[in-house]
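Enquirer: I'd like to ask you about the structure that follows.
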Amino acid sequence: GNDAVRGKSFVIATDTTFAPFEFRDASGELTGIDMDLIREIAERQGFTVDIKALGFDAALQAVTSGQADGVIAGMSITDERKAVFDFSNPYFSSGVQMAVKADDDTIASYEDLRGKTVVAKTGSEGLRFAESIAEQHGFTVKALDKADTMYAEVTSGNAVAVFDDYPVLAYGIDQGNGLKVVTPKEQGSSYGFAVLKGNNPELLAAFNSGLAELKADGTYHDILVDYLGTNA
Ligand code: GLN
């Protein structure tokens, strides 16, 4: 346990759907790697969490506006975000990749996107990456708040590709979402738990202590295996 946080309750914001990091199971319960990590760390460090699944961009805004104490949402640790947030130690290494409809054989590279529309999540690294190459390759980027609407744009043919984090694409494809990846993954960042810069330092410290403990005793690995199986 940790005296600075013991008995305290913190509001933790997260994404609505970013499987396998956060999503609702068949009974509607919020589950996933991030949820298991924050709940287990809270229990061991002696604090409680009130988790609010707001959506990715909304979760970040909830922290910047003081409506939430922290965010865990598969959030990439980037230099730009470090101006606004303090991040925990990294807990998962990730990166952006492109996916297209499984039966689409017309898009095999970024060059094939010319004149087309792609989608990515509002406020995400995937969106940032797509925008960074959009002009060069002559395609349009549409930002959407939620994973389900974003993926539906591709399966319905309104967009030809989605840019998202590769573990999330891999998990969705494995679950039969009707997409496939055709390009290599881009160099990416790691995920971290975040608080508003200069705020809640005791919560951040407790997260780091808890994470170190979960890594040391194998719980962290068990959580990954629960969701990623042998890919963990
Ligand atoms: N890792 C990505 C980012 O931080 C996407 C996170 C998400 O969609 N929940 O921008």
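Enquirer: Go through the stretch 181-232 and give me each residue that's in contact (Cβ under 8 Å) with a residue 12 or more places away in the chain, under 29 Å from V154 (Cβ atoms) and in a loop (DSSP other than H, G, I, E, B).
Expert: Within the stretch 181-232, V182, T183, P184, K185, E186, Q187, G188, S189, G192 qualify.
Enquirer: Related question: Going through the stretch 48-57 one residue at a time, which ones are at negative phi and crowded, with 22+ Cβ neighbours inside 10 Å? Step through it out loud before you land on a result.
Expert: We begin by selecting, within the stretch 48-57, every residue at negative phi; these are 48-54, 56-57.
The answer is F56, and nothing else.
Enquirer: Pick from the stretch 78-87 the residues that are of a type in the set (D, E, K, R) and exposed (fewer than 14 other Cβ atoms within 10 Å of the Cβ): which of them is nearest to the ligand (Cβ to nearest atom)?
Expert: Initial filter on the stretch 78-87 (of a type in the set (D, E, K, R)): 79-82, 86.
Okay, now just the ones that are also exposed (fewer than 14 other Cβ atoms within 10 Å of the Cβ), so 79-80, 82.
Details: D79: 13, E80: 10, K82: 13 Å.
Across the stretch 78-87, the extreme among qualifying residues is E80.
Enquirer: Here's a follow-up. Could you pull out the residue among E111, E131 that is of a type outside the set (A, V, I, L, M, F, W, C), farther than 16 Å from A147 by Cβ and without any contact (Cβ under 8 Å) to a residue 12 or more places away in the chain? Reasoning before the result, please.
Expert: Values: E111 fails: without any contact (Cβ under 8 Å) to a residue 12 or more places away in the chain.
Testing whether each residue is of a type outside the set (A, V, I, L, M, F, W, C), farther than 16 Å from A147 by Cβ and without any contact (Cβ under 8 Å) to a residue 12 or more places away in the chain leaves just E131.
Enquirer: Just wondering, is there one or more residues in the stretch 22-35 that are surrounded by fewer than 22 Cβ atoms within 10 Å (Cβ to Cβ) and closer than 17 Å to L196 by Cβ?
Expert: Within the stretch 22-35, none of the residues are surrounded by fewer than 22 Cβ atoms within 10 Å (Cβ to Cβ) and closer than 17 Å to L196 by Cβ.
Enquirer: Are any residues in the stretch 156-181 away from the ligand (no atom under 15 Å from the Cβ), among the hydrophobic types (A, V, I, L, M, F, W, C) and either modelled with pLDDT under 95 or under 20 Å from the mean Cα position of the chain (by Cα) (or both), and if so, which ones?
Expert: Result: A161, I173, L179, V181.
Per-residue answers, yes or no, for (1) assigned by TED's automatic domain parsing to the domain that holds D15; (2) not aliphatic (A, V, I, L, M):
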site: T78; (1), (2): yes, yes
site: F85; (1), (2): yes, yes
site: E111; (1), (2): no, yes
site: T117; (1), (2): no, yes
site: H137; (1), (2): no, yes
site: A147; (1), (2): no, no
site: Y151; (1), (2): no, yes
site: A159; (1), (2): no, no
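Enquirer: When the residues of the stretch 10-21 are filtered to those that are within 11 Å of the ligand (Cβ to nearest atom) and part of a loop (DSSP other than H, G, I, E, B), which remaining residue is surrounded by the most Cβ atoms within 10 Å (Cβ to Cβ)?
Expert: Filtering the stretch 10-21 for residues that are within 11 Å of the ligand (Cβ to nearest atom) and part of a loop (DSSP other than H, G, I, E, B), the one surrounded by the most Cβ atoms within 10 Å (Cβ to Cβ) comes out as D15.
Enquirer: Oh, and also: Of all residues in the stretch 85-107, which are outside any strand (DSSP E or B) and either within 26 Å of L211 (Cα to Cα) or modelled with pLDDT under 95 (or both)? Lay out the reasoning, then the answer.
Expert: Here is the first cut: in the stretch 85-107, the residues outside any strand (DSSP E or B) are 88-91, 94-95, 102-107.
Once the filter is applied, which keeps residues that are outside any strand (DSSP E or B) and either within 26 Å of L211 (Cα to Cα) or modelled with pLDDT under 95 (or both), the stretch 85-107 yields S88, N89, P90, Y91, S94, G95.
Enquirer: Examine the stretch 93-101 for a residue that is surrounded by fewer than 23 Cβ atoms within 10 Å (Cβ to Cβ) and either aromatic (F, W, Y) or away from the ligand (no atom under 13 Å from the Cβ) (or both), and state whether such a residue exists. Spell out the reasoning first.
Expert: To start, the set of residues in the stretch 93-101 that are surrounded by fewer than 23 Cβ atoms within 10 Å (Cβ to Cβ) comprises 93-95, 101.
Narrowing the set further to residues that are either aromatic (F, W, Y) or away from the ligand (no atom under 13 Å from the Cβ) (or both) leaves 101.
Checked against the condition, which is being surrounded by fewer than 23 Cβ atoms within 10 Å (Cβ to Cβ) and either aromatic (F, W, Y) or away from the ligand (no atom under 13 Å from the Cβ) (or both), the stretch 93-101 yields at least one hit.
Enquirer: Further question: Checking the structure you have, find out if any residue of the stretch 15-36 is under 13 Å from G70 (Cα atoms), in contact (Cβ under 8 Å) with a residue 40 or more places away in the chain, in the same structural domain as M75 (by TED's automatic domain parsing) and in contact with a helix residue (DSSP H, G or I) (Cβ under 6 Å, 6 or more places away or on another chain).
Expert: yes
Enquirer: In the stretch 39-77, which residue that is in a helix (DSSP H, G or I) and of a type in the set (K, R) is farthest from the ligand (Cβ to nearest atom)? Full working, then the answer.
Expert: Going residue by residue through the stretch 39-77, those that are in a helix (DSSP H, G or I) are 39-45, 56-64.
From what is left, the residues that are of a type in the set (K, R) are 39, 44.
Numbers: R39: 18, R44: 25 Å.
Among them, the one singled out is R44.
The values are calculated or read from the model by the stated rules, or taken from the named source; none is laboratory data. Since this is a predicted model, take the numbers as computed values, not measurements. Cβ atoms come from the backbone with ideal geometry, glycine included; neighbour counts cover every protein chain shown.
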